[in-house]
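Inspection log for the structure reproduced underneath, given as structure tokens.
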Amino acid sequence: MAEPPRTRQELYERIVATSKDEVVLQEMIRLGFWPAAGTLPEDPADEVRRRAELQRQLDRLHEQNRHLYNEQALIKELRLRRLAESKRKQQETKERRERERLARAEAWKQEKTRSIVYVGEGVSAGLGKREAKPERLKEHGLPNFTSAADLASAMKISVGALRFLCFARKTSSVSHYVRFRIPKKSGGERLISAPMPRLKAAQSWVLHEILEKLALHTAAHGFVRGRSIVSNARPHVGHALIVNVDLKNFFPTVGYPRVKGLFASLGYSEEVATLLGLLCTEPDVEELVLDGQRYFVARSERHLPQGAPTSPAITNLLCRRLDRRLQKMADELGFVYTRYADDLTFSAKSEDVGQAAEVLRRLRNIVAHEGFVVHPEKTRVLRRGRRQEVTGVVVNHKPGVPRDVLHRFRATLFQIEKDGPSGKRWGACKDVLASIRGFASYVRMVDPARGTPLCARVDAIVAKYSGKPSPPAPSGAPAKKPDVPKPDAAKPGAAGSVPAATKTAEALAKAAPTPASVVSDAKEPSSPASDAKTPTGKKWWKVF
């Protein structure tokens, strides 16, 4: 039942919408003066309702008729309809594209957890190519990875972390390396790029799980388990002629394409080889500060960084063909060949200088063909009659440490025993006790007969001035001698006593002033006391 009109305006609107008779009829039915519709047969009110309905239809027809003859109104109405339809379709398209965008974003998010599709400009072309050579990997005894997800899983890191470590940018606000310089023995400085902990852990995994499982040439002694500078020098002991050659910029010469090619040659897919190559290489960078933000700008192509744990092993593997070719040349010319990193050594029992010239001539061609460069200032030919060194080890008669270095070291020990370690130095390290302990261990490794007594003296010094027990001698090393007593308690000829030369040096030290500290370098002591002579008639530094 219709509600009664609440205002006069509402009553007028109802009459306009229907008719006056129909409104009156509705009010009579509402007030009970007329029965409801359908309860009275042949109700006269039906005629009122039918007339009102016909009037409404007639009004609509009149309205349509007026529109049909009003062209501007029709055009406006059509435009409004088209505009409304266009807005509706635009809204539908916008909603559809937003749904598609969200779906793509979610799919890309899921894809990034499974694979790597971009790691920088110029190095991403191989991603997605996952065809490996499992038979070659099995032949080398290497684990089989075909995708970035497999590699990341083996490293126990996420795919995102692997992408972060491999990403190559020309300019970045993040650096995976700490760079510093250390002095070279021959002068100048050496740039060291030490990887940050996360990258170092990944590189160490590559070293232990892949690189160390591959066989190297027998001539390679540098950074090889079970070999050292002593094993590198021993084959040349007692030879009449020694040729030493250094390779210039050894690590920077090995670029990213060669490193990637090495992993690909082992049987890995191009995707895995790309990621491993990026993990093990880094460009030279320049650190800049702009608007308070620090940036690292690449100044070169990617190459092996000096300081990464993988760099020495990779160079050893890349030099296998170089070693084979140089070994064949050495055999043909009657030479012995070894290599310690970038230090190439040839030796022969004959002093034929012409053969040495032939070695150098052929060596330069082979080295250049293998992509390396001979350092022109570090090529030496050492003949019998002068000190012959191979990677710092004297090889004239047996492996040994240069005599002048031992003299200076013993002088340093004497000064420390006499006055204590304060103000003394040995080498570049500020901790003189750690320095002398390390050098004594080095001497014992090269020449056990001379190194063992030195280690005993150093152990006594360290025990006296540091209060810490000395570490045990390595297995297989000769037993330590008893601690050396102080010079004033030593007696000539007594077991375990300091040699008489030490007492002589002590007497000289009392007679002539000595420097405040003894610094280890490549020169002989230049103090005024260096020309003084002992009571035996020898210069003071020769008594050692």
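The values are calculated or read from the model by the stated rules, or taken from the named source; none is laboratory data. Quick caveat: nothing in here was measured; it's all calculated off a predicted structure. Cβ: placed from backbone, ideal geometry, glycine included. Neighbour counts: every protein chain shown. To get the accessible areas, we keep the full protein, side chains included, count just its heavy atoms, and leave off ligands, DNA and RNA. Shrake-Rupley method; radii C 1.70, N 1.55, O 1.52, S 1.80 Å.
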Give, in nm to one decimal, the length gained when the segment between Ala103 and Ala36 is fully stretched (0.36 nm per residue of separation minus the Cα-Cα distance). 18.1 nm
Starting from 0.36 nm per residue, how many nanometres of slack lie between Ile182 and Tyr69 once their C-alpha separation is accounted for? 31.0 nm
Specify whether the C-alpha gyration tensor of the stretch 244-338 places it in the rounded, prolate or oblate class, a ≥ b ≥ c being the square roots of the eigenvalues: rounded for a/c under 1.5, otherwise prolate if a/b is larger than b/c and oblate if not. oblate
Taking a ≥ b ≥ c as the square roots of the eigenvalues of the Cα gyration tensor of the stretch 185-303, is the shape rounded (a/c under 1.5), prolate (a/b larger than b/c) or oblate? oblate
Can you compute 3J(HN,Hα) from phi for each residue in the stretch 351-362, using the Karplus curve 6.51 cos²θ - 1.76 cosθ + 1.60 with θ = phi - 60°, rounded to whole Hz and x for Gly and Pro? 8, 6, 5, x, 5, 5, 5, 5, 4, 5, 5, 6
Is the stretch 390-470 best put as rounded, prolate or oblate by its Cα gyration tensor, with a ≥ b ≥ c the root eigenvalues, rounded for a/c under 1.5, and otherwise prolate when a/b is larger than b/c, oblate when not? prolate
Quick one: accessible area per residue over the chain, 1.4 Å probe, rounded to a whole number of Å²? 58 Å²
On the formula 1/(1 + (r/R0)^6), with r taken between the Cβ atoms of Arg321 and Ser231 and R0 of 25 Å, the FRET efficiency rounded to 0.05 is 0.70
Give me the percent of Cα-Cα pairs in the stretch 49-205 that sit more than 20 Å apart, rounded to a whole number. 75 percent
In the stretch 290-330, whose amide N lies under 11 Å from the spot 7 Å out along Cα-to-Cβ of Ile366? List them in ranges. 321-330
Once Lys and Arg get +1 and Asp and Glu get -1 on their Cβ, which of Ala37, Thr218, Phe167 lies farthest toward the positive end of the dipole of the chain? Thr218
Ranking request for peptides 398-407, 79-88: highest mean number of other beta-carbon atoms within 10 Å first, then the rest in descending order. 398-407, 79-88
Can you tell me the length gained on complete extension of the stretch Val405 to Leu290, counting 0.36 nm per residue apart and subtracting the Cα distance? 36.5 nm
Within a Cβ distance under 15 Å of Val272, other residues only, what is the Lys/Arg minus Asp/Glu net charge? +2
Work from the charge dipole of the stretch 250-408 (Cβ charges, +1 for Lys and Arg, -1 for Asp and Glu, about the Cα centre) and give the residue of His397, His407, Leu322 farthest towards its positive end. His397
Accessible area (Å², 1.4 Å probe, nearest 10) - Asp431: 80 Å²
Place the peptides 16-24, 280-288 in order of packing, highest mean first, counting for every residue the other Cβ atoms within 10 Å and averaging per peptide. 280-288, 16-24
Nitroxide proxy distance, nm - points 7 Å out along Cα→Cβ at Val117 and Ala463: 6.8 nm
The long-range amide H neighbours of Arg190, using H built 1.01 Å from N in the peptide plane and a cut-off of under 5 Å, are Ile182, Lys184
Note down the magnitude of the dipole of the stretch 125-196 about its Cα centre, charges +1 on Lys and Arg C-beta and -1 on Asp and Glu C-beta and zero elsewhere, to the nearest 20 debye. 380 debye
Acute angle (nearest 10 degrees) that the helix 45-68 long axis makes with the longest principal axis of the chain, alpha-carbon atoms: 60 degrees
Whole-Hz Karplus couplings 3J(HN,Hα) for the stretch 274-286, θ = phi - 60° and coefficients 6.51, -1.76, 1.60, Gly and Pro as x, run 4, 5, 5, x, 5, 4, 9, 10, 7, x, 5, 10, 10
Relative contact order of the chain (C-alpha contacts under 8 Å, at least 6 apart) in percent is 11 percent
Any idea what the dipole of the chain comes to, in debye rounded to 20, about its Cα centre with Lys/Arg Cβ at +1 and Asp/Glu Cβ at -1? 3240 debye
Taking 8 Å as the Cα distance limit and 6 or more residues as the minimum spacing, I'd like the relative contact order of the stretch 74-224 as a percentage. 18 percent
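Ratio of the stretch 1-54's C-alpha Rg to 2.2 N^0.38 Å, to two decimals?
1.14
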Show me, for the stretch 126-140, the HN-Hα J-couplings you get by feeding each phi into the Karplus relation (A = 6.51, B = -1.76, C = 1.60, θ = phi - 60°), rounded to Hz, glycine and proline as x. x, 5, x, 8, 10, 7, 9, 10, x, 5, 6, 5, 5, 4, 8
Looking only at Cα atoms, what is the convex hull volume of the chain per residue, in Å³? 366 Å³
Quick query: amide H of Val285 versus all other amide H atoms, modeled in the peptide plane; which residues come in under 5 Å with a sequence gap of 5 or more or a different chain? Arg299
Once Rh is set to the Kirkwood radius over Cα pairs, what Stokes-Einstein translational diffusion coefficient, in µm²/s, holds for the stretch 112-229 at a temperature of 37 °C and a viscosity of 0.692 mPa s? 191 µm²/s
Consider just the alpha-carbon atoms of the stretch 391-436 and return their Rg together with their Dmax, both in angstrom. 12.6, 37
Quick calc: nm separation of the 7 Å Cα→Cβ label points for Leu83 and Gln110 -> 4.4 nm
Computed [θ] at 222 nm, deg cm²/dmol, the chain (DSSP H ≥ 4; -39,500 (n - 2.57); rounded to nearest 500): -15000 deg cm²/dmol
